[in-house]
Amino acid sequence: MPRPVIDADECIGCGICVDSCAQEVLEVTGGTVEATNEEACIGCGDCVEECPMGAITEIAED
């Protein structure tokens, strides 16, 4: 399954990606976003598309 990867140097902690994730995979902690529930990720790509900074990518894991 895919998992989101957040570039903490680019993330501004706005939470737009958190709001766009129906699976509740992401959470803003300490001013940046973290994937706190990776196993719930379905790879929809909504967080990637919604991030205004381009700070999120998804990688596939076996």
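The values are calculated or read from the model by the stated rules, or taken from the named source; none is laboratory data. Keep in mind the model is a prediction, meaning the values are calculated, not measured. Here the Cβ is made from the backbone with ideal geometry for all residues, glycine too, and neighbour counts use every protein chain on show.
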| remark: Of (1) within 13 Å of Pro2 (Cβ to Cβ); (2) out of contact with any helix residue (DSSP H, G or I) (no Cβ under 8 Å at 6 or more places or on another chain); (3) in a loop (DSSP other than H, G, I, E, B), Cys14 fails just (1)
| field | The one condition in (1) exposed (fewer than 13 other Cβ atoms within 10 Å of the Cβ); (2) assigned to a strand (DSSP E or B) that Glu58 fails to fulfil | value | (1)
| Out of all the residues in the stretch 19-41, is one or more modelled with pLDDT of 95 or more, buried (at least 16 other Cβ atoms within 10 Å of the Cβ) and assigned to a helix (DSSP H, G or I)? | yes
